[in-house]
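A.B. asks: Take this structure, written in structure tokens, and hold onto it; I'll ask about it next.
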Amino acid sequence: QVQLVESGGGSVQAGGSLRLSCAASGSIFSSNTMGWYRQAPGKQRELVAAINSGGRTNYGDSVRGRFTISRDNGKNTVYLQMNSLKSEDTGVYYCNKGVMVNSGTYYPVDWGQGTQVTVSS
């Protein structure tokens, strides 16, 4: 059973930056497709970004160009660098382990507990 532990959330002013980390254990990390979802208050969870074992990435439309997903297989960790943050980026951010199909669509399977990100305007 994979364990995913997020860190790095917090409060920041609009225009600022945060970096989230997710440490994974219980699986062969280098072979995993990893991703981030988020859930804003009163809204459904939505894709933020995903990265497969070969480095192929997929981003949600609302974050493309501002957020960057990366991975360090030596540390079993996936990162989400968030720049130019907006108030609408506020929510709980969840790390996932999942599947990326040939089209690049990402399907999360295992979930972390989440970390809160609050952006004030």
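A.B. asks: Condition first: more than 22 Å from Gly10 (Cβ to Cβ) and within 12 Å of the chain's Cα centre (by Cα). Now tell me which residues in region 72-97 satisfy that.
C.D. replies: Lys97
A.B. asks: List the residue pairs whose Cβ atoms are under 6 Å apart, where the first residue sits in region 105-117 and is modelled with pLDDT of 95 or more and open to solvent by less than 40 Å² (accessible area, probe 1.4 Å), the second is of a type in the set (Lys, Arg) and assigned to a strand (DSSP E or B), and the two are 6 or more positions apart or on different chains.
C.D. replies: Partner pairs satisfying both residue conditions: Asp110/Lys97.
A.B. asks: While we're on this one: Scan region 30-53 residue by residue and report those that are free of Cβ contacts under 8 Å to residues at least 40 places away in the same chain and over 12 Å from the mean Cα position of the chain (by Cα).
C.D. replies: Ser31, Gly42, Gln44, Ser53 - these are the residues of region 30-53 that are free of Cβ contacts under 8 Å to residues at least 40 places away in the same chain and over 12 Å from the mean Cα position of the chain (by Cα).
A.B. asks: Another question about this same structure. Find all pairs meeting these conditions: Cβ atoms under 6 angstrom apart; at least six residues apart or on different chains; first residue within region 11-29 and over 29 Å from Val99 (Cβ atoms); second residue of a type outside the set (Phe, Trp, Tyr) and not in a strand (DSSP E or B).
C.D. replies: Cβ pairs passing all conditions: Val12/Leu85; Ala14/Lys86; Ala14/Ser87; Ala14/Ser121; Gly16/Leu85; Ser17/Asn83.
A.B. asks: Right, another one. Could you check region 3-13 and list, in sequence order, the residues that are open to solvent by 50 Å² or more (accessible area, probe 1.4 Å) and either touching an Asp or Glu at 6+ places or on another chain (Cβ under 9 Å) or more than 17 Å from Arg66 (Cβ to Cβ) (or both)?
C.D. replies: First pass over region 3-13, keeping only residues open to solvent by 50 Å² or more (accessible area, probe 1.4 Å): 3, 5, 7, 11, 13.
Scanning region 3-13 gives Gln3, Val5, Ser7, Ser11.
A.B. asks: Suppose we filter region 76-104 for residues that are hydroxyl-bearing (Ser, Thr, Tyr) and open to solvent by less than 20 Å² (accessible area, probe 1.4 Å); how many remain?
C.D. replies: 2
A.B. asks: Looking only at region 8-34, which residues are in a strand (DSSP E or B) and touching a Phe, Trp or Tyr at 6+ places or on another chain (Cβ under 9 Å)?
C.D. replies: Of everything in region 8-34, those that are in a strand (DSSP E or B) and touching a Phe, Trp or Tyr at 6+ places or on another chain (Cβ under 9 Å) turn out to be Arg19, Leu20, Ser21, Cys22, Thr33.
The values are calculated or read from the model by the stated rules, or taken from the named source; none is laboratory data. Not measured: the values here are computed from a predicted model. Backbone-built Cβ (ideal geometry, glycine too); neighbour counts: all protein chains shown. Please note that ligands, DNA and RNA were not included when accessible areas were found on the heavy atoms of the full protein model with its side chains. Shrake-Rupley method; radii C 1.70, N 1.55, O 1.52, S 1.80 Å.
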